[in-house]
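Below is one structure, written out as structure tokens; comments come after it.
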Amino acid sequence: GWIVAGWVVSLVMAATGANQVGSSAREAFLVASLLSVVFTAFSLTLPNTPPLAYGASSRGSAIELLTLLRNRDVRTFLVTSFGVSLTTPLVYQIIPGHLQARGLPKAWIPTAMTLGQWSEIAALVLLPWLLRRFGTKTTLIVGIMAWLTRFLSLLARPSLAIAVGGGVLHGIGFGCWSVGGQIFLDRCAPVRQRASVQGLFVVLTLGLGSLLGNVMAGELITRSSSDVLVFLVPCVIDGVMLAYFAIGFRSRMSALQRTGSGSAENLPESGVAREMVRCAPELVMKSAGG
């Protein structure tokens, strides 16, 4: 969906002459508005699907969630996810303008930004194998390193081709870190707490992290006269988060993790694949933001 939307916006902008100097991006907002109306109407036709009730009290569920958060690996992952989510908005706030300033026609920026979704598809296909072959910790580290490498490459002011092509690193980061992390959380949590811990992850990343990250991106654009500081800040944040995660995440099975029926790296490849399919609704919602 993200890929198709990017191409449609590019084609509409090219057809309406949006490449002209001084032209706005109103076509992108027009396409978004029309699609929003269509999908809003479609949503009204969907059946009512209330969450499953497990019969546990809210107090008991809260205690179980707090117990889960005392797990060092879970806590380290959530803290790191919040830190990394501060830099993700820069991909959408700053990089499009940077590519246009480097000479990429404005009408084709939406298409260029879909490169990350193509690599995301590849990362998701390979994710079961990565979890089996390298384990959870290494797979998640690959995700952070992909985002860090992306910002480091822009800091070095590469050629336009490399600046555009580096977008594939975003998809690798999303697939390995965000989706791999969701699978990790799902396998750690007891059945009754899976939705709660996934909701907490979304609040920390797409909620609070995205809000603060967009504010930070706006401040960097306003206050920075060069790209050096703009891309240096996310490099520092992602670098610190990478070090924190590498030191704090132990990637060992604990008694608490066993209550969640095992960790991802102990599942057969088909088991991880089935788990990804089971989590498909949550992953689709997350993809809308990444």
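Of the residues making up the stretch 180-231, those that are free of Cβ contacts under 8 Å to residues at least 60 places away in the same chain, over 30 Å from P128 (Cα atoms) and surrounded by fewer than 15 Cβ atoms within 10 Å (Cβ to Cβ) are L211, V215, E219, T222, R223, S225, S226, L229. Considering the stretch 170-196, the residues that are out of contact with any Asp or Glu (no Cβ under 8 Å at 6 or more places or on another chain) and of a type in the set (A, V, I, L, M) include one that is nearest to L154 (Cα to Cα), namely V179. In the set R157, R133, R150, only one residue is within 22 Å of P96 (Cβ to Cβ) and surrounded by fewer than 20 Cβ atoms within 10 Å (Cβ to Cβ); that residue is R157.
Scanning the stretch 82-116 for residues that are of a type in the set (S, T, N, Q), surrounded by fewer than 22 Cβ atoms within 10 Å (Cβ to Cβ), in a helix (DSSP H, G or I) and in contact (Cβ under 8 Å) with a residue 60 or more places away in the chain returns Q93, T111.
Out of all the residues in the stretch 215-228, which are part of a helix (DSSP H, G or I) and either more than 19 Å from L99 (Cβ to Cβ) or among the hydroxyl-bearing types (S, T, Y) (or both)?
Narrowing the stretch 215-228 to residues part of a helix (DSSP H, G or I): 215-223, 227-228.
Residues satisfying the conditions are V215, M216, E219, T222, R223.
Could you tell me which residue of the stretch 117-130 is modelled with the lowest pLDDT, considering only residues that are within 14 Å of the chain's Cα centre (by Cα) and buried (at least 18 other Cβ atoms within 10 Å of the Cβ)? It comes out as Q117. Only one entry of L46, L68, L52, L78 meets the criterion of being at pLDDT below 70 and over 23 Å from A107 (Cβ atoms), and that entry is L52.
The values are calculated or read from the model by the stated rules, or taken from the named source; none is laboratory data. If you're wondering where the values come from, they're calculated on a predicted model, not measured in any experiment. Ideal geometry is used to build each Cβ from the backbone, glycine not excepted, and the neighbour counts take in all protein chains shown.
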